[in-house]
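Structure record follows, encoded as structure tokens.
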Amino acid sequence: MTIDTDEFLARSGIDMRLLQQWIEREWLRPDRRDAALILSELDAARARLIRDLKGDFGVNDEGVEIVLHLVDQIHGLRRVLVELRRDMQTTRRSTIRRTRVRKVGQIAAKRRRP
């Protein structure tokens, strides 16, 4: 869901100067439509994380970059696992279907034998 810049700033607890800095550092990567920023709830959550890391935990810029990189890797791995699970379920269903068809064929063949 997209949110406008004012709502984003209110939800993330940062100001426009920080938003621009974090975009320049590529800590936040909002979409752009013409000159306008397209911000989302996910961008706001990421901004809150950055804000908390820097403010509450005193993490320096290099540390923030490392944490964001690790968070991105975790989300990427999660997507891969979801896809893998979906593929495994599809394969399992297909295998079960083939097994059932084979068993039905075997039962039918036994019944035809004298």
**Study point:** Filter result (farther than 14 Å from Glu7 by Cα and touching a residue at least 40 places away in the same chain (Cβ under 8 Å)) within segment 26-54
**Key:** Trp27
Point to revise | For Ala109: the one exception among (1) open to solvent by less than 100 Å² (accessible area, probe 1.4 Å); (2) at pLDDT 95 or above | key: (2)
Check your understanding: Out of curiosity, is Leu18 under 30 Å from Met1 (Cβ atoms), exposed (fewer than 11 other Cβ atoms within 10 Å of the Cβ) and not aromatic (Phe, Trp, Tyr)?
Key -> no
Check your understanding: Taking into account only those residues within segment 55-67 that are part of a helix (DSSP H, G or I) and among the hydrophobic types (A, V, I, L, M, F, W, C), which is surrounded by the fewest Cβ atoms within 10 Å (Cβ to Cβ)?
Key -> Ile66
Point to revise | Selection count, segment 1-24, where residues are under 21 Å from Val71 (Cα atoms) and touching a residue at least 40 places away in the same chain (Cβ under 8 Å) | key: 1
Review point. For segment 17-39, how many residues meet the condition of being assigned to a strand (DSSP E or B) and over 17 Å from the mean Cα position of the chain (by Cα)?
Key: 5
Review point. Going by the structure shown, is Asp52 outside the structural domain of Ile74 (by TED's automatic domain parsing), in a helix (DSSP H, G or I) and surrounded by 12 or more Cβ atoms within 10 Å (Cβ to Cβ)?
Key: yes
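The values are calculated or read from the model by the stated rules, or taken from the named source; none is laboratory data. Here the structure is a predicted model, which means the values were calculated and not measured. With ideal geometry, Cβ positions are generated from the backbone for all residues, glycine too; neighbour counts draw on all protein chains shown. In case anyone asks, the SASA skips ligands and DNA or RNA and just uses the protein heavy atoms, side chains included. Shrake-Rupley method; radii C 1.70, N 1.55, O 1.52, S 1.80 Å.
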